[in-house]
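Notes to accompany the following structure.
The values are calculated or read from the model by the stated rules, or taken from the named source; none is laboratory data. None of the values given here were measured: they were computed from a predicted structure. Here the Cβ positions follow ideal geometry from the backbone for every residue, glycine too, while neighbour counts run over all protein chains shown. Each accessible area value is taken on the protein alone, full model and side chains, heavy atoms only, with ligands, DNA and RNA left out. Shrake-Rupley method; radii C 1.70, N 1.55, O 1.52, S 1.80 Å.
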Amino acid sequence: MSFMPKPKVANPGLPVNALGLNRRDYEGGMSTLCAGCGHDSVTAAIVQACYELALPPQSVAKFSGIGCSSKTTAYFVAGAHGFNAVHGRMPSIAAGAHAANRHLHCIGVSGDGDSLSIGLGQFAHAIRRNPDMLYLIENNGVYGLTKGQFSASADVGSRSRKGDVNEQRPIDPVLLALALGAPFVARSFSGDKEQLVPLIKAGLACGGFALIDVLSPCVTFNDHEGSTKSYAYVREHREAPVAVDYVAPRREIEVRYAPGEVLPVTLHDGSNVLLRKLDPDYDPTDRARAAAFVQERALANEYVTGLIYMEPERRDFHTRHRTAEEALNALPFERLCPGAGRLAEIQRGFR
Amino acid sequence: MLPTDTQDPDHYHRVVDCQWACPAHTDVPEYIRLIALGRYGDAYLVNRQTNVFPGILGRVCDRPCEPACRRTRVEARPVAICRLKRVAADLREDITARLPRAPARGNGKRVACIGAGPASLTVANDLVPLGYSVVIFEQHAQAGGLMRTNIPSFRLPAAVLDEEIGYITAMGAELRLGTPITSLAALLEPGDFDAVFVGSGAPRGKELRLPGRDDSDRIHIGIAWLESVAFGHVTSIGERVLIIGVGNTAMDCCRSSLRLGAKSVRVMARKPRGFFKASEWELEDAEEESVEIVVNHAPKAFVIRDGRLQGMRFDRLEYEMDGERITAQRIVEEVFVPCDDVILAIGQENAFPWIERDLGIEFDAQDLPRVDPVTLASTRRGVFFGGDAAFGPKNIIHAVAQGHEAALSIDLHCRGESLTERPPRGVTLQSRRIGMHDWSYRNDYDARERRLVPHVSLRERFARLDVEVELGFDAARAAEEVRRCLNCDIQTVFDAPLCIECDACIDICPTDCLTITADGEPAEVLARLRAPRQHPEQPLYISAALRQSGRIMVKDEDLCVHCGLCAERCPTNAWDMQKSWVHIPQAGDEARCQSEPQRRRA
């Protein structure tokens, strides 16, 4: 970490987005994470994505639980709403906020401990409910805040800094999300913003629960030889069958691709996600084969990164429950609270 | 791209914009930090090491460092470098005991310096401590050259001049005042001197040949007039004064006129404002004193009636501009401007009537001596030129820089060594890390704006000619201004093999100067920089290939504010903040010079 906030001085040549804000306007507080922590790069990727999407800061809601990862939300979009929940309980808080206001851009940031250990139940049910939110797991395979014990995502055979070997099977959030029906599943690497930033943009726009499992090395406790989540290991053991380009609404898809090479997916807000196939045999719309591919490659000690699965038509929380379009705080009081008479009427219907 | 050769002493030197721009390469950030610590005497001596006259230059330097200051690129105005130099001089404790001195026994070599201006005094300053006996010949009764005669005392008090020149005479330089050299041959012939340095300046003001020029005694030549004012021969001037020309001499003339009784002073400029030769701050100071600067007037004739100067006729011009370039001009009308005195300040030139042309010293078509720009040697062995005498009028800091180079050459010459085999420049780096997140310099960016120097009120300053207008910063104000310095000499030094490409430095850099990207042709690499390159003249740092991905780290030095966050956020110490000392060799440094093959040809 550093003990001094990033100076306010900026490059005078910094461009601005449609709102007249530059990238620095989407930053947050000073990070107190370790120097070189992957999470800080994830923060930078979120800042970049929010800037490029020209999100009004007040339209963003940030949610997190407990852990190094969960500190991240303090470090981006200072003007956003935020809620730092109890350990592992972020998904229900986020789902509640989304239920009350579907127009918020909900960003949940969690870690392998927060989502795959104490919060696994909440995580699984959030996927089932399918709220429109971006759910980032900053996955480093260790409990950094308690000095580097193996977490639930540690791979079999991975060594701790002291030399212990992990023998328990890992929980892979990507496989879990595929199994539980998430409409947008991706994996990325904190050290590859060219891949991560478009994924975050597409995930924010996809209209449902978007999971991005970000391999985000713990520079202090899990960046040594023998670790399967170090910078060097991840860099050498990843492959991406599909690359994603995000095209904002009302923007022409300018780049020309050979037929069959690109699959454009139009989202509910009119934006397009271009799925560029790097592996011609891979089909990112086939859930079962996606899961099989991830498992196969895991056996070969490879991380599948990039977009893994996408299903934009899946009905989200609000569609399923036929809720009001307006945020609850924007509904007139008479509609929000129709009164004792209306309640009695409803109760009569159950008699 | 080829990795940057950081062993080249110029690489890190260029990052320190002020030091690079200074002809004498004063270590500006170092002395600014010393001022911040209240170590004014140390700050003064750091200055003196390279620029010899901190008290003088802290008032009247042409300050090429300030337009170069990095602060102008991240904010509007540069650090008040020159004013801070004056703070070091004004607030210093007695440092006389720490000044160099002549050794008890000399080396038996004798050097003559002609003219007691900044160039000659610098030569003496460098050579006397090495054991040379240096004799300075000065035509006037006081030393200082142009610093004494052409810079009015309301900008540069005589006491400051006397003190800093006194340091050099106290070392053991022999000053022969009132001793003009009328024949170089007569000086050279007896063979009394092993080397002669000509630092006689550019003492002749340019003439303006127009009708009526010789018909009045109220038409003065600027530098000669200033000299007469400096020595008290002129104590008054008419009520209405016209100054022709708009350089720094013109500014001194107009402000001096106001102090000698002029009520209305106009500076007549031929061209529009963008073409003025005067420094911006000197124009400001003159205009503050209600001097009127009239643009686009070309002088045509002096109007004399009954032997009295009535005024001047001008052609009023109109220019067609293409950006900042004049493409055409036309005369709009002729105007008459009445006045009592005219001062011509349109430049000055060298004059060497006292150098015989059969001494083996070659002169070019402009009657300037042929002088080697590096060694400052003339075409006659043992005769050197420096300052305005060598290459025409420039300024004090250039004269000082040339004085150092000439002293080095004289030392080489007197020891029978080649003038072109000069000791190499060097750079020394030392880490400023004193803890996990602690640096031995103040690395936080301070957004405050440039502090203003207080001036004597307009009512008081005209009381006497020698009321110094600028009051200088007091300690409190200086302490604020020093915080604006970006510490450009605390270099970001990168060690490529240590980098794990975690992106921490890229993410934290406030001004986006860092990029990790694939190697390639320069044009494509530059196109991928995180922030487009705005000043291509600023250096780039290109690392060797990084270990994990083979990509390269690129740093555009342009906007780096040296906050050190890249190094603070670096988990492997691949980035470090290191103070650079640029070593510019001076006379006597030969002993410290490395082995023969490491010497570079100058």
Report the residue, chosen from A:PRO280, A:PRO338, A:PRO173, that carries the largest GNM mean-square fluctuation when chain A is represented by alpha-carbon nodes joined by springs under 10 Å. A:PRO338
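Starting from the Cα gyration tensor of segment A:33-82, take the square roots of the eigenvalues, sort them a ≥ b ≥ c, and report rounded, prolate or oblate (rounded when a/c is under 1.5, otherwise prolate if a/b is larger than b/c, else oblate).
Working: a/c = 2.89, a/b = 1.43, b/c = 2.02.
Because a/c hits 1.5 or more and a/b fails to exceed b/c, segment A:33-82 counts as oblate.
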Paramagnetic reach from B:LEU210 (point 7 Å along Cα→Cβ, amide N under 11 Å) across segment B:266-293: B:268-270
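Got a number for carbon plus sulfur as a percent of segment B:215-283's accessible area, 1.4 Å probe? Write down the numbers at each step before the final one.
Working: 1280 of 2800 Å².
Here it works out to 46 percent.
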Accessible area of B:GLU93, 1.4 Å probe, to the nearest 10 Å²? 90 Å²
Candidates A:LEU263, A:LEU299, A:LEU53; GNM for chain A (alpha-carbon contacts under 10 Å) flags as most fluctuating A:LEU299
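Less than 15 Å Cβ to Cβ from B:ASP162, Lys/Arg counted +1 and Asp/Glu -1: what total charge do the surrounding residues give? Don't skip to the end; give the middle numbers.
Working: positive: B:ARG59, B:ARG148; negative: B:GLU138, B:GLU163, B:GLU164, B:ASP466, B:GLU468.
Summing Lys/Arg as +1 and Asp/Glu as -1 gives -3.
Please compute the per residue accessible area over segment A:47-201 with all protein chains in place, 1.4 Å probe, rounded to a whole number of Å².
Working: 5500 Å² over 155 residues.
For segment A:47-201, the solvent-accessible area averages 35 Å² per residue.
If DNA, RNA and ligands are ignored and the probe is 1.4 Å, what is the ranking of A:SER230, A:SER117 by accessible area, most exposed first? Numbers along the way, then the final one.
Values: A:SER230 5, A:SER117 45 Å².
The ranking, largest first, comes out as A:SER117, A:SER230.
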Take every DSSP beta bridge whose two residues both sit in segment A:4-320, then give the antiparallel share in percent to the nearest 5. 40 percent
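In the neighborhood of A:GLY270, defined by Cβ-to-Cβ distances under 12 Å, what is the net charge if each Lys or Arg adds +1 and each Asp or Glu adds -1?
Values: positive: A:ARG250, A:ARG251; negative: A:ASP269.
Value of the local net charge: +1.
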Compare B:THR517, B:THR327 by solvent-accessible area with a 1.4 Å probe and give them largest first, with all protein chains kept in place. B:THR327, B:THR517
Nonlocal amide H pairs with B:VAL383, under 5 Å, H built at 1.01 Å: B:VAL196, B:SER378
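Can you say what percent of the DSSP beta bridges in chain B, counting only those with both residues inside, are antiparallel? Round to 5.
On the way: 44 of 74 bridges.
So the antiparallel bridges in chain B amount to around 60 percent.
Taking the Cα centre of segment B:456-602 as the origin, how large is its charge dipole in debye, to the nearest 20, when only Lys and Arg (+1) and Asp and Glu (-1) carry charge on their Cβ atoms? Show your work: numbers first, answer last.
Numbers: 18 positive and 25 negative charges, 24 e Å.
About 120 debye.
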Could you work out [θ]222 nm for chain B from helices alone, using -39500 (n - 2.57) per DSSP H run of at least four and dividing by all its residues? Round to the nearest 500 deg cm²/dmol. -7500 deg cm²/dmol
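For chain B, what relative contact order do you get, as a whole percent, if you take Cα pairs closer than 8 Å and at least 6 residues apart?
Working: 1271 pairs, mean separation 103.6, N = 602.
RCO, chain B: 17 percent.
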For segment A:1-22, list whatever residues lose no less than 50 Å² of accessible surface once every protein chain is in place, relative to that chain by itself, with the probe at 1.4 Å. A:SER2, A:MET4, A:LYS6, A:PRO7, A:VAL9, A:ASN11, A:PRO12
What distance in nm separates the two pseudo spin-label positions at A:ALA78 and B:ALA301, each 7 Å out from Cα along the beta-carbon direction? 7.0 nm
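Give the shape of segment B:471-587 as rounded, prolate or oblate, defined through the alpha-carbon gyration tensor: a ≥ b ≥ c are the square roots of its eigenvalues, a/c under 1.5 means rounded, and otherwise the shape is prolate if a/b is larger than b/c and oblate if not.
prolate
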How much accessible surface does B:ILE516 have with a 1.4 Å probe, in Å² rounded to 10? 30 Å²
What net charge is computed for the residues neighbouring A:ILE171, neighbours being all others with C-beta under 12 Å from the C-beta of A:ILE171, Lys and Arg scored +1, Asp and Glu -1? -3
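Rounded to the nearest 20 debye, what is the charge dipole size of segment B:222-288 about its Cα centre when +1 sits on each Lys and Arg Cβ and -1 on each Asp and Glu Cβ? Mind showing how you got there, number by number?
Details: 9 positive and 9 negative charges, 73 e Å.
Roughly 360 debye, rounded to the nearest 20.
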Inter-centroid distance (Cα atoms) of segment A:87-150 relative to segment B:541-563, Å: 36 Å
How many angstrom lie between the C-alpha centres of segment B:360-430 and segment A:1-27? 49 Å
Which residue, A:VAL165, A:VAL234, A:VAL60, has the most motion in a Gaussian network model of chain A that connects Cα atoms within less than 10 Å? A:VAL165
Expressed in angstrom and rounded, the centroid-to-centroid distance over alpha carbons for segment B:223-253 and segment B:445-484 is 25 Å
At 1.4 Å probe size, with no ligands or nucleic acids counted, give the accessible surface of B:HIS220 in Å², nearest ten. 40 Å²
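With a/c under 1.5 counting as rounded, go ahead and sort segment A:4-320 into rounded, prolate or oblate using the C-alpha gyration tensor (a ≥ b ≥ c being the square roots of the eigenvalues; past the cut-off, prolate if a/b is larger than b/c, else oblate).
Working: a/c = 1.35, a/b = 1.12, b/c = 1.21.
Rounded is the answer for segment A:4-320, as its axis ratio a/c remains below 1.5.
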Under 13 Å from the Cα of A:LYS277 - aspartates and glutamates, other chains or at least 8 residues apart: A:GLU239, A:ASP245, A:GLU261
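Among the DSSP beta bridges whose two residues both lie in the protein assembly as shown, what percent are antiparallel, rounded to the nearest 5? Working shown, then result.
Numbers: 64 of 125 bridges.
Among the beta bridges of the protein assembly as shown, antiparallel pairing accounts for roughly 50 percent.
So if each residue of separation counts as 0.36 nm, and I subtract the Cα-Cα distance between B:ARG77 and B:THR235, what length gain in nm does that give? Kindly include the intermediate steps, with their values, before the conclusion.
Working: separation 158, 0.36 × 158 = 56.88 nm, distance 3.83 nm.
Answer, rounded to one decimal: 53.0 nm.
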Nearest 100 Å², what total accessible surface is buried between chain B and chain A (probe 1.4 Å)? 2500 Å²
Taking the Cα centre of the protein assembly as shown as origin, work out the dipole magnitude from +1 charges on Lys and Arg Cβ and -1 charges on Asp and Glu Cβ, in debye rounded to 20. 2000 debye
Exceeding the 25 Å Cα-Cα cut-off - candidates A:LYS6/A:LYS147; B:LYS85/B:LYS263; A:LYS6/A:LYS62: A:LYS6/A:LYS147; B:LYS85/B:LYS263
log10 of Debye I(q)/I(0), alpha-carbon scatterers only, for segment B:251-403 at 0.14, 0.15, 0.20 Å⁻¹: -0.92, -0.98, -1.17
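At R0 = 30 Å, how high is the FRET efficiency between A:ALA298 and A:LEU145 if r is their beta carbon distance? Nearest 0.05 is fine. Don't skip to the end; give the middle numbers.
Values: r = 27 Å, r/R0 = 0.88.
Efficiency, from the Cβ-Cβ distance: 0.70.
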Where B:HIS233, A:HIS321 fall by accessible area, highest first, once all protein chains stay in place (1.4 Å): B:HIS233, A:HIS321
